[in-house]
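What follows is a set of notes on a single structure, which appears directly below.
The values are calculated or read from the model by the stated rules, or taken from the named source; none is laboratory data. Keep in mind it's a predicted model, so treat the numbers as computed, not measured. A quick note on method: Cβ atoms are made from the backbone with ideal geometry, for glycine too, and the neighbour counts reach across all protein chains shown. In case anyone asks, the SASA skips ligands and DNA or RNA and just uses the protein heavy atoms, side chains included. Shrake-Rupley method; radii C 1.70, N 1.55, O 1.52, S 1.80 Å.
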Amino acid sequence: MITESIRSLFSRDLNKLKTEIEAYQNEENLWIIDKSIANSAGNLCLHLVGNINHFIGAQLGNTDYVRNRELEFSLKDVPKTELIEKIEATIAMIDSVLPQLSEDDLKKEYPLVVFESKMTTDYFLIHLVAHLDYHLGQINYHRRLLDN
């Protein structure tokens with residue numbers, strides 16, 4: 001079932017996000033921006049957690065999550081332990097919400113128009129995994145370049 005595959009990918013990659021955040025030697029380096037690096041690893045982590053909790057938790061799982069996208073990019077110096085707690089809570093939400101979705105649910109139109117046209121829920125979930133992985137790669141490079 002594709003739902004289990006998507007859940008597995010989110011779990012794998014959110015756990016990798018947790019590993020990347022934990023790997024920072026100096027916690028202050030999570031918040032460095034330099035030259036053309038516009039977003040810190042800390043802000044990308046907050047953005048990923050906010051994005052997933054909004055589009056999956058709130059929209060598909062009817063959680064009480066309320067997103068503040070602006071804060072995802074403006075907050076600074078959130079402790080590493082708090083970032084890790086947010087990632088772990090996101091993993092728990094994924095493990096709770098995605099198994100509730102049937103194959104029929106995945107073929108339905110996603111409840112929000114996010115891009116310029118409507119799309120199926122399975123299409124958007126696959127997009128969200130790709131979005132997670134895109135920023136996960138940025139965080140990996142950020143850590144290796146700026147956390148000396």
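Please give the calculated 222 nm ellipticity per residue for the chain, where each DSSP H segment of at least 4 residues contributes -39500 (n - 2.57) and the sum is spread over every residue; nearest 500 deg cm²/dmol? Show your work: numbers first, answer last.
Numbers: 6 runs with 89 residues, N = 148.
That comes out to -19500 deg cm²/dmol.
I need the calculated FRET efficiency for the pair Leu112 and Asn148, taking r as the beta carbon distance and R₀ as 35 Å, to the nearest 0.05. The calculated FRET efficiency here is 0.25. To the nearest 10 degrees, how steeply does helix 80-97 sit against the main Cα axis of the chain, on a 0 to 90 scale? Helix 80-97 and the main axis of the chain meet at about 10 degrees. Amide H to amide H distances under 5 Å link Thr120 with Tyr110, where only residues 5 or more positions off or on other chains count and H is placed in the peptide plane. Using the Cβ-Cβ distance between Ser36 and Asp133 with R0 = 25 Å, the FRET efficiency computed as 1/(1 + (r/R0)^6) comes to roughly 0.75. Ligands, DNA and RNA aside, Phe115 has an accessible area near 90 Å² when probed at 1.4 Å. In order along the stretch 36-41, the phi-based Karplus estimate (6.51 cos²θ - 1.76 cosθ + 1.60, θ = phi - 60°) of 3J(HN,Hα) comes to 8, 7, 7, 10, 6, 4 Hz; Gly and Pro are listed as x.
Please state the shape class of the stretch 58-116: rounded when a/c is under 1.5, otherwise prolate if a/b exceeds b/c and oblate if not, all from the C-alpha gyration tensor.
Numbers: a/c = 3.30, a/b = 1.59, b/c = 2.07.
Oblate shape, in that a/c is at least 1.5 and b/c is the bigger or equal ratio.
Surface exposure of the chain, expressed per residue as accessible area with a 1.4 Å probe, stands at 54 Å². Hey, any idea what % of the chain's accessible area is carbon plus sulfur with a 1.4 Å probe? Solvent-exposed carbon and sulfur of the chain make up 51 percent of the total. Estimated from the Cβ-Cβ distance and a Förster radius of 35 angstrom, the FRET efficiency linking Met1 and Met119 is about 0.95.
Checking (1) 8.6; (2) 7.9; (3) 10.6 against mean projected area of the Cα convex hull in nm² calculated from these atoms, the matching label is (1).
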